[in-house]
Each structure stands twice: as structure tokens, then as C-alpha cells.
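**Student:** First, the structure itself, so that you have it in front of you.
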């Protein structure tokens, strides 16, 4: 493997919270242990600024709007890539954030899923236009990209089948974790978290994801939860962790339908690992999820994660956990049945995931960064 002169990473944010944000932060941190790294991003965690091998170019995000900041990020990243690439630097971009055909880290494939448009006429038009633009950009850029690194075999397969990318150009590198942040939940920790928030000792499920479209499948989970209440004998609580334009509508609906005492909307949180200690299962009926880091982290903490077959992480589930994979993310009745089956057997389910939990915790962010580097350099 020929060592590059350095690494340029173009990413929206490099932060401890958020799937691709955390992955890019950890990649930059670990590469910078031995090599020069330059970053072009809107936001960067302060820990990165203290590393002597790292230089950061911040790009504004006007009014906090992604669509306004996106062309500025692409222009800034491309301009720096034009200067550094001839000097032997490798350029890592993320999806469609910068049109540069060296290394693309594919965390989400727009061509694989068309989200339903919602909101006003203008909002629906904007969503459809943006999706069509992203799909067209993927068709232009990905087949010409030197190396595509995917977060799951599902994403890699869709790149080949839907966009005609040569399989030889595609690598799969799973996301890592920090095992110190995500140890198995202990009885003492659970009791402490319940005391801190003033919550009772009752079964709890968690949903983690944006409430701005139907991609994460919250509408299906809500329908299943309502069905369980209508059937009776359901005393579990659902913690909804995430923000989005539809959050208020869901809260109002839960109140109107008598579910306010059973569904707790917590908004965007930075203490997700702590909140997971108060839960017994994570539910993620995603219509599309290239990976699902939230499910990964829940499993690391020892919680069963009930996921859709459309989530990349499902391909990592061992055979003994296949009951935790939803074959049809649209089937609310099946989801309700699985949750009702889980409730009296939750200790049994928790015991079943411990081995898988240990496997996930053994693969760290440092391992991910090493494998990413190897995938890029051995394929050159």
C-alpha cells in the first residue's frame, strides 16, 4: 500500500452525535494519529481542533439550512481537492456533498428509496425536486468513482444493481463503536437513570429517529402501539427520541387518541446511551436504513433491537436473532404481535443478544478507520 500525502475529508458535520457525523469524526481522528488530515465541513467537534495533524476549513450554513449550505460545502471541498489531489492526497467525500470521483463514503443511497412528500405544496415540490436531483447526481458520479465504501452489504448490492457500479470498486466497512461509552446496562445503572428522570419501573421501548418523514417508520410503530392499547393488557411505555417537523402533530395525535400516558416524546437528545439504560428494547421499523447506528448502539448496551429487513444492520444478525427482523416494515399487525410476544419474555430476549452485543463492542472506531484506510489503499 502506497502511503498518501494526506487525507482530505469533506463532510457536513464531524460530531459525536449522528451516524455519519460520528463516523467522519472518528475517521479523521484516527487517520490523524499518523497522517496529515484536512477537513472541509460546516461544524467540527472541538476535540479535532486540538490535533496537530488536522487542519479545518469551516464552511457557513446560512440560516442553519442544509440546502443553502450544501453548494458552499461542495464548492469549498472541490476547490481544495483540486489543489491537494495532484500532490498525492486522497479525497474522501460523503454521498452527494461534493462531486469528486476519488473516495465516496456512501451512508445513504437516494436511488434506493423515494420518501413520500408531505406538507405544503411548496414543501412537497421541494422534496420531490431534491430527491430527483440527488438520484441524478448519484447516477452521474458513482459509476465513475474510484472507490466506494459502503456501510453495509445491502448498500453495496444496491449500488451495483441500481446504478451499474462495478463490484470491484465497492468495499463494505461496518461502523464501529466506543465500548467504553456503550457497556452492557447494569441493574444499578438502570435504577439510577430511573431515579434521575423520576420514571417508574415499567417496561419501556425506544424509538430513535427523525420525525420529519416516513423513512424511519414511526407511523407504523405508532399504529402498532395503538393496536396494542386497543387490545388491552399493554402497560409498556414508548420513548420517542428525535426531532422533526411532524413531532408536534404526533404529540397532538397521541393526546387525542388517549396515548399520551404511554408515549413520551423526548425530542433530540445527547444522552441517548443513558436513556437506553431505562429501556428494554429498541424498535426500528425503517422503510429504508442503509445501516442504523441507533440499533447498533442499543445492541451494544445489551438491548434487543427489533429492526426492518430494509436496515443494513439486519444482515449482521446471527440466525438465533432472526425473530428480531421485520420482514415487512409496513405490517403494523406483525409488529404489534412481535411486541406482545416480547413483553413477557423480555429477559429471555435480553439474554439472547449478549453474545451479539459483545461482538459489536469488539469492533471499535479505530478498527473501522483501519479497515476504511485499507479498503481505499489496497484497491488503488
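The values are calculated or read from the model by the stated rules, or taken from the named source; none is laboratory data. All figures in this text were calculated on a predicted structure; none of them were measured in a lab. Reconstructed Cβ throughout: ideal geometry from the backbone, glycine too, with neighbour counts over all protein chains shown.
**Student:** Among the strands (runs of 3 or more DSSP E) contained in the stretch 143-236, which hold 1 or more residues that are crowded, with 21+ Cβ neighbours inside 10 Å, touching a helix residue (DSSP H, G or I) at 6+ places or on another chain (Cβ under 8 Å) and touching a residue at least 40 places away in the same chain (Cβ under 8 Å)?
**Tutor:** 147-150, 204-208
**Student:** Being farther than 30 Å from residue 180 by Cβ, at pLDDT 95 or above and touching a strand residue (DSSP E or B) at 6+ places or on another chain (Cβ under 6 Å) is true for just one of 339, 306, 326. Which residue is that?
**Tutor:** Only one candidate passes the filter, namely 326.
**Student:** Just name the residue that is nearest to residue 371 (Cα to Cα) out of those in the stretch 96-125 that are free of Cβ contacts under 8 Å to residues at least 40 places away in the same chain and surrounded by 13 or more Cβ atoms within 10 Å (Cβ to Cβ).
**Tutor:** 110
**Student:** Would you point out the residue of the stretch 1-14, among those that are touching a helix residue (DSSP H, G or I) at 6+ places or on another chain (Cβ under 6 Å) and at pLDDT 95 or above, that is surrounded by the fewest Cβ atoms within 10 Å (Cβ to Cβ)?
**Tutor:** The selected residue is 5.
**Student:** Just to be sure I understand, how many residues within the stretch 251-276 are without any contact (Cβ under 8 Å) to a residue 60 or more places away in the chain, part of a helix (DSSP H, G or I) and either over 23 Å from residue 198 (Cβ atoms) or in contact with a strand residue (DSSP E or B) (Cβ under 7 Å, 6 or more places away or on another chain) (or both)?
**Tutor:** Selection size over the stretch 251-276: 5.
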